[in-house]
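Chemist: Sending over a structure as structure tokens; questions will come in a sec.
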Ligand code: GRF
């Protein structure tokens, strides 16, 4: 009996110290998977839930396979905030990580998580940011502009697309022979390398 009480006490203590991440994703979810794997053996930080605005995307199977639950909310529910906030509270979320999330973060969410929502953008902001600059469109614009380098930007989220305070950037070269797809591969590998590390630093 004493052992049992101690075990419950220990579980509560461990739960208290655990930092919980929610990932918001709308697409393939390779970053979501990479972040989950990175923290899978961490004793104080974990990805506890994934939220999406789209049921028909690959992120669900990717994360569910790793034991992380995912939930879908409509664009309107993300805008209005209540149901999403309820889910975030249920999972005791400390940090919201956007990874290819295609819906604007609404004021109720921003107010409930001040400086606790971050995004990754696949270019060196303030260049190649803003509405319409997502996915392959970003890399097409980079190649068309004849840029010699591109990279990633990790930033806090505010009410304007890609305008929150920058936390971290990393660069990679763009060769004159690179196609947008070549650039996408280089940028993705920077994302896999650095996004989890920046998240970890924020939660320490
Ligand atoms: C990434 O390139 C990220 O920078 C951008 O959306 C993409 C998501 O890719 N915000 P994935 O779904 O994680 O593969």
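The values are calculated or read from the model by the stated rules, or taken from the named source; none is laboratory data. Bear in mind the structure is a predicted one, so any value in this text is a computation, not a measurement. As a convention, Cβ positions derive from the backbone with ideal geometry for all residues, glycine included, and neighbour counts pool all protein chains shown.
For every residue, the table says whether it meets (1) in contact with a helix residue (DSSP H, G or I) (Cβ under 7 Å, 6 or more places away or on another chain); (2) crowded, with 16+ Cβ neighbours inside 10 Å.
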residue	(1), (2)
164	no, yes
174	yes, yes
185	no, no
202	no, yes
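Results for (1) at negative phi; (2) surrounded by fewer than 21 Cβ atoms within 10 Å (Cβ to Cβ), shown as yes or no for each residue.
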{"residue": "130", "(1), (2)": "no, yes"}
{"residue": "138", "(1), (2)": "yes, no"}
{"residue": "154", "(1), (2)": "yes, no"}
{"residue": "169", "(1), (2)": "yes, yes"}
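Chemist: If we only count strands (runs of 3 or more DSSP E) wholly inside the range 62-121, which ones have 2 or more residues that are in the same structural domain as residue 20 (by TED's automatic domain parsing) and closer than 13 Å to residue 50 by Cα? Don't jump to the end; show me each part of the working.
Modeler: Details: elements: 70-72, 93-98, 117-121.
Correct list: 70-72, 93-98.
Chemist: May I ask you to list the residues in the range 118-162 that are away from the ligand (no atom under 14 Å from the Cβ) and touching a strand residue (DSSP E or B) at 6+ places or on another chain (Cβ under 8 Å)?
Modeler: Listed by number, the residues that qualify are 148, 149, 156.
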